[in-house]
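Okay, structure first, notes after.
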């Protein structure tokens, strides 16, 4: 049995898989609040207590750079060490991947019903592909063709500097720079960035969920913005998705991703109307000297929220 995990700053998603007729089949699955545990071993122990199985291989995608098969999580106070997990699971080896690397390997497992195409472009299946995912943080990854299959390359591009492309975005950068030592792309395009953009647009308007202890104001902003209940929330969504689209376009031109850009992460699936309108694609395409080129790059939204979990299971399966 294969044990797989998708570990993020908010939730830890664990699953059991087995091979059936050359395909991975999930047989158990549960999500745990990450911050309820001091480390991954506790969540794994609870999961296997409820789902007893003989584990033959294991793989985990984790938000953070993987060095020597260990990760200091970026948005979670965990250090995940593959050697320690191997002993915990009585395995020779446990595969640790960056979470977006897991996402990237999951792309090949997606079917037509798992994807929504928002820019058809001109498909080039063996060309490089790119994955961008906003959630608790912002992640990006690249897929390149080795002659037989796509291989994933992890990045930490979410922590690169935010590059404003309009006067309003320049003003947003100045607003954030006055409050933060660094203004990375993730400063805006993580879930917490919704409140930062809202405060920039109207510092005087504060909703109750802005100041509630431990509250996440992002869902409230998106709900009020989509319904039109709050014009500032609606403007927040417009600006946030304009910046998200621009960063997706940056990733496309940096990697020449003619094979397609895949938009993953928990936020995309929850705010589909904003990805379907013109803000995202228009901002992605608007690149100096590259507009016609980027317009030909397919852009797909990943609807399957288990993308990273499936990618981690795939690596554990293929590399065992």
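Here, each number is a calculation from the coordinates, and none is a lab measurement. A quick note: this is a predicted structure, and the numbers were derived from the prediction, not measured. When we count neighbours, we look across all protein chains shown, and the Cβ atoms used for this are built from the backbone with ideal geometry, even at glycine.
A few notes on this one:
- Per residue, the chain reaches -11000 deg cm²/dmol at 222 nm when only DSSP H runs of four or more residues are counted, each adding -39500 (n - 2.57).
- Per residue, the convex hull spanned by the Cα atoms of region 85-181 amounts to 190 cubic angstrom.
- 0 to 90° range, to nearest 10: angle between helix 218-227 axis and the chain longest Cα axis: 50
- Proxy reagent accessibility, fewest Cβ within 10 Å first, across 280, 47, 144: 144, 47, 280
- Convex hull projection area averaged over all views, region 1-148, Cα basis, nm²: 10.1
- Per residue, the convex hull volume that the Cα atoms of the chain enclose (Å³): 140
- Acute angle (nearest 10 degrees) that the helix 307-318 long axis makes with the longest principal axis of the chain, alpha-carbon atoms: 30
- Relative to the longest principal axis of the Cα atoms of the chain, the long axis of helix 167-177 lies at roughly 60 degrees.
- In this calculation the C-beta distance from residue 211 to residue 72 is compared with R0 = 30 Å, giving a FRET efficiency of 0.50.
- Sorted fewest first by neighbouring Cβ atoms within 10 angstrom, 56, 74 come out as 56, 74.
- Considering region 247-320 at the alpha-carbon level, its Rg and Dmax are found to be 14.5, 45 Å.
- Computed FRET value (nearest 0.05) for residue 319 with residue 122, which takes r as the C-beta separation and R₀ as 41 Å: 0.80
- Packing-based exposure ordering (other Cβ within 10 Å, fewest first) of 162, 200: 200, 162
- Among 296, 129, 168, residue whose mean-square fluctuation peaks in a GNM of the chain (springs only between Cα atoms under 10 Å): 168
- Region 112-302: Rg to Rh, with Rh as the Kirkwood radius over Cα pairs: 0.98
- The stretch between residue 149 and residue 27 holds 41.2 nm of extra length on full extension. This uses 0.36 nm per residue minus the Cα-Cα distance.
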